[in-house]
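Visitor: Dumping the structure here so I can ask a few things about it.
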Amino acid sequence: MNKRPRIDLDGVPLVDEENPSTTLVIFRFRTTQGLTMLMPESAEFSIPWASVRSADLDLLSGTFRISLTPEYIAQHNWVRGAETLSGQWIDRVTM
């Protein structure tokens, strides 16, 4: 049975665009309350929509970007001062 390709962002590792050497967080999914993330080798947590400045998906490049508010960045150590987190998404369906 052939499955239709779909945008599947669950599991996209996100890095600081200014310092992309380390994965800071893994995107899981979006809800009406915000974005659900997974700390590598740890637990899931949510970022409320009020703390998200933008969340963009570029279909041409497969780039997923999230920009956070300065208040959220200042309050959460895991962000390490990163303003914009980005990652590459790859579909799980082979066309």
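Visitor: Collect the residues in the stretch 1-54 that are over 19 Å from Arg65 (Cβ atoms), part of a strand (DSSP E or B) and of a type in the set (A, V, I, L, M, F, W, C), keeping them in residue-number order.
Guide: The one that is over 19 Å from Arg65 (Cβ atoms), part of a strand (DSSP E or B) and of a type in the set (A, V, I, L, M, F, W, C): Phe45.
Visitor: If you check Arg65 against the conditions, is it modelled with pLDDT of 95 or more, exposed (fewer than 15 other Cβ atoms within 10 Å of the Cβ) and either touching a strand residue (DSSP E or B) at 6+ places or on another chain (Cβ under 9 Å) or under 25 Å from Arg4 (Cβ atoms) (or both)? Let's see the steps before the verdict.
Guide: Working: modelled with pLDDT of 95 or more: yes; exposed (fewer than 15 other Cβ atoms within 10 Å of the Cβ): no; either touching a strand residue (DSSP E or B) at 6+ places or on another chain (Cβ under 9 Å) or under 25 Å from Arg4 (Cβ atoms) (or both): yes.
Taking the combined requirement at face value, the residue does not satisfy it.
Visitor: Where the second residue is of a type in the set (Lys, Arg) and the first is assigned to a strand (DSSP E or B) and lies in the stretch 63-77, which pairs have Cβ atoms under 8 Å and are six or more apart or on separate chains?
Guide: Ser67/Arg53; Leu68/Arg53
Visitor: Does at least one position in the stretch 10-22 carry a residue that is without any contact (Cβ under 8 Å) to a residue 12 or more places away in the chain and small (Gly, Ala, Ser)?
Guide: yes
Visitor: Here's something else I'd like to know. For the stretch 43-66, what are the residues that are within 13 Å of Phe27 (Cα to Cα) and hydroxyl-bearing (Ser, Thr, Tyr)?
Guide: If the condition is that a residue be within 13 Å of Phe27 (Cα to Cα) and hydroxyl-bearing (Ser, Thr, Tyr), then Ser46, Thr63 are the ones that fit.
The values are calculated or read from the model by the stated rules, or taken from the named source; none is laboratory data. The structure displayed is predicted, hence computed values, not measured ones. Because the Cβ atoms are built from the backbone with ideal geometry, glycine has one as well, and the counts that use them run over all protein chains shown.
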